[in-house]
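Engineer: Take a look at the following structure, please.
Every number here is computed from the coordinates shown, using simple stated rules; none is lab data. Since the structure is predicted, the reported quantities are computational estimates derived from the model, not experimental observations. Note that each Cβ is placed from the backbone with ideal geometry, even for glycine, and that neighbours are counted across all protein chains shown.
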Amino acid sequence: MALHTDLTYTNLLSCHFEKITKKGDYLWNVRCPFCGDSQQNKRKMRGYIYKSKQQLAFKCHNCNASTWLGALIKHLNPRLYQEYLLETFKDSPPRGHHTPTNKIETATSMRFGTVDQVTYLHAERISDLPTSHYAVAYVKSRQIPKAMWSKLFFTHCYKDFLDEAAPEHGKKVDNDARLVIPFYDAYGAVIALSGRAFDDTGIRYITVRANKDDTKLIYGLDRCDQNKPTYIVEGPIDSMFIENCVAAGTADLIGAAKQLSAAKITLIWDNEPRSPDIVKQMNRAIKAGYTVMIWPEWIKEKDINAMVLAGHSPSTISALLYSHAAQGLAAQAHLIMWKKCDSNKGVLV
């Protein structure tokens with residue numbers, strides 16, 4: 001009965017949050033009542049109420065507050081908390097009862113949700129397709145790690161798939177075959193869907209949101225432990241080769257970094273020294289104090305996936321990230337040298 005009681009009191013508590021969005025049967029995204037999330041951006045919501053064992057718990061990805069529902073209720077409405085305690089005791093056995101702690105703790109590691117094993121009428125997981133399927137051949141051709149195949153889908157009809165998975169997407173799209181790359185939040189809820197065409201004759205990527213949140217989309221949050229050094233790249237496929245790496249989906253890596261709570265972040269732009277926009281953003285990041293990856297001039301490829309296809313192993317690339325990432329004056333000096341490079345680079349996105 002503990003879970004039923006928690007669900008009841010979460011509904012009663014909803015009016016006390018500045019912002020709250022229900023994302024699943026046991027998942028709510030809220031504006032954190034402990035730290036307030038952000039004074040500059042009133043739309044940021046980095047607190048989550050989620051199911052843990054047979055109770056509901058709370059976690060904020062901004063201030064790292066982590067506690068059971070009882071402490072959250074006590075913080076927001078002490079009178080409601082007294083009622084909650086009575087219900088909790090009433091639902092509990094008379095002996096051996098263990099009352100959840102109401103202490104708010106700083107988490108030592110992130111809590112990860114399990115990605116829902118969703119099934120679709122108009123899509124199949126890459127891991128479930130026969131090895132002879134052309135979508136499997138495409139994934140193999142990009143050398144995408146096999147551990148990622150269960151998180152990727154194939155659809156014959158992308159429009160039909162979007163109408164099924166995100167019925168309010170509102171985009172006019174062709175009903176073509178695509179590789180589907182789902183974006184999950186930290187607890188495994190789908191927040192967006194990106195379809196990659198198998199050829200380059202039309203629009204390469206079509207991405208839609210699966211919820212009404214308007215914060216910047218970040219790929220890989222379900223695989224990222226923000227208590228560890230965290231890397232941000234541009235493309236979702238590139239992020240699959242680096243441990244604890246997320247993707248901004250665009251060149252706006254600074255915007256993605258601002259939404260993370262990780263203490264140590266390295267920004268990794270594509271290897272495009274002749275791009276004025278990339279150089280400008282790297283300059284901004286260095287001035288803001290971020291650690292930035294400066295690719296050595298002997299790397300000719302444009303992005304991480306192209307580097308892997310050219311024969312550079314993920315472990316080699318990771319070693320480069322360790323040895324060539326810099327900040328401050330060192331980063332400025334390396335950037336001056338890097339933007340003078342003029343190489344023919346492989347292009348894969």
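Engineer: Spin-label point model (7 Å from Cα, Cβ direction): what's the C15 to T250 distance in nm?
Structural biologist: 3.8 nm
Engineer: Another question, if that's okay. Once the Cβ-Cβ distance between S261 and Y120 is put in as r, and R0 is 25 Å, what FRET efficiency do you end up with, to the nearest 0.05?
Structural biologist: Using R0 = 25 Å, I get an efficiency of 0.20.
Engineer: Tell me the relative contact order for the chain as a rounded percent, counting alpha carbon contacts under 8 Å between residues six or more apart. Mind showing how you got there, number by number?
Structural biologist: On the way: 604 pairs, mean separation 34.6, N = 349.
Reported relative contact order: 10 percent.
Engineer: Here is a further query. State, in angstrom, two size descriptors of the stretch 207-349 derived from its alpha carbons: Rg to one decimal place and Dmax to the nearest whole number.
Structural biologist: 14.4, 44
Engineer: Moving on to the next point. Give the peptides 303-309, 280-286, 71-77 in descending order of average Cβ contacts within 10 Å, highest first. Let's see the in-between values first.
Structural biologist: Working: 303-309: 22.6, 280-286: 18.3, 71-77: 20.0.
The peptides rank, most packed first, as 303-309, 71-77, 280-286.
Engineer: Just grab the label-to-label distance for K340 and K22, each label 7 Å out from Cα along the Cβ direction, in nm (one decimal).
Structural biologist: Reported label-point gap for K340 and K22 is 6.2 nm.
Engineer: Quick check on my link table: of K44/K264; K151/K264; K151/K212; K19/K171; K22/K228; K300/K339, which ones sit more than 18 Å apart, alpha carbon to alpha carbon?
Structural biologist: Working: K44/K264 21 Å; K151/K264 26 Å; K151/K212 22 Å; K19/K171 27 Å; K22/K228 28 Å; K300/K339 13 Å.
Result: K44/K264; K151/K264; K151/K212; K19/K171; K22/K228 exceed 18 Å.
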